1. Which pairs turn up if I take residues in the range 24-42 that are farther than 12 Å from Ala98 by Cα and look for partners that are surrounded by 16 or more Cβ atoms within 10 Å (Cβ to Cβ) and acidic (Asp, Glu) with beta carbon separation below 6 Å, at least 6 apart in sequence or on another chain?
2. Somewhere in the range 54-71, is a residue small (Gly, Ala, Ser), within 19 Å of Ser121 (Cα to Cα) and without any contact (Cβ under 8 Å) to a residue 24 or more places away in the chain?
3. What is the one condition in (1) more than 17 Å from the chain's Cα centre (by Cα); (2) buried (at least 21 other Cβ atoms within 10 Å of the Cβ) that Thr18 does not satisfy?
4. Do the conditions hold for Ile64, that is, is it crowded, with 20+ Cβ neighbours inside 10 Å, touching a strand residue (DSSP E or B) at 6+ places or on another chain (Cβ under 9 Å) and more than 23 Å from Gly209 (Cα to Cα)?
5. Just to confirm my filter: which helices (runs of 4 or more DSSP H) fall fully inside the range 1-120 and include at least 3 residues that are over 29 Å from Val187 (Cα atoms) and not acidic (Asp, Glu)?
6. With the condition being over 17 Å from His167 (Cβ atoms), I'd like the helices (runs of 4 or more DSSP H) fully within the range 177-248 carrying at least 1 qualifying residues.
7. Kindly provide the set of residues from the range 207-248 that are among the charged types (D, E, K, R) and at pLDDT 90 or above, ordered by number.
Amino acid sequence: MSVSVILVSHSALVAEGTRDIAAQMAADVRLIPAGGRADGGIGTDYALIEAACESIGDGEAVIIADLGSAVMTAESVLELIDRPERFVIADAAFVEGAVAAAVAAQTGQGLAEVVAAAESSLRRTAGDDAQGKPTASAVESAAVGPQPTPTGAASTGSASDSSGAVHGEATLVNSEGLHARPAADFVRLASTFDADVTINGVNARSLLGIMGLGLVSGATASIEATGPQAADAVDALCELISSGFGEA
């Protein structure tokens with residue numbers, strides 16, 4: 001059972017709309033809106049949040065709230081609910097955090113990893129480390145920027161170096177580049193391999209990190225992987241990019 005995502009907002013429309021956005025990229029994840037008051041007004045409702053938490057049964061969930069009072073109401077619910085350790089209130093941007101959490105849950109990651117994905121939405125740059133500081137690879141990638149290549153260029157295929165890392169490059173051919181939906185497709189595919197994968201220096205399992213690269217149509221994606229299935233991962237991901245994600 002995947003981790004669920006509970007969306008606590010002062011507005012039912014905001015919670016439901018955010019659910020609909022995230023569902024486009026994580027169709028198999030339970031996304032539970034708990035927005036507004038029971039009478040339809042603006043605010044938060046203890047009973048609605050409690051019902052959302054109880055609806056997951058024995059599962060686990062990350063809770064994403066839009067404002068401080070929503071966090072306080074969710075905390076009040078967790079004080080009395082059975083086995084509160086199954087729930088974590090993430091410190092995350094509401095929409096971006098919900099999308100990142102949903103994609104992480106879709107790939108089968110555990111509660112801690114889903115929470116981390118949600119909280120990555122507040123980091124200053126796509127390449128921030130756990131302390132919010134840019135990693136060396138992200139700085140280098142940002143300095144180089146997207147590199148256009150000739151239209152119609154294909155992927156180079158995988159090749160290993162002396163360290164055992166496998167490398168490959170592919171050209172983005174879809175008109176919109178690596179925006180939200182193809183980035184989610186990339187994350188889902190990368191997560192199926194027993195390999196540590198990066199794209200232009202960013203963790204291939206970080207949806208927001210990948211979107212933050214700003215890779216446009218014609219840019220080159222440089223993929224690197226290590227691990228037992230590194231070559232398979234690089235080949236499959238290069239092929240996915242070269243295919244245009246079904247949008248070309």
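1. Close Cβ pairs satisfying both conditions: Arg37/Asp45; Ala38/Asp45.
2. Among the residues of the range 54-71, at least one is small (Gly, Ala, Ser), within 19 Å of Ser121 (Cα to Cα) and without any contact (Cβ under 8 Å) to a residue 24 or more places away in the chain, which makes the answer yes.
3. Condition (1) is where Thr18 drops out.
4. no
5. So the answer is 46-54, 68-80.
6. 180-190, 207-212
7. Glu224, Asp232, Asp235, Glu239
The values are calculated or read from the model by the stated rules, or taken from the named source; none is laboratory data. A quick note: this is a predicted structure, and the numbers were derived from the prediction, not measured. A quick note on method: Cβ atoms are made from the backbone with ideal geometry, for glycine too, and the neighbour counts reach across all protein chains shown.
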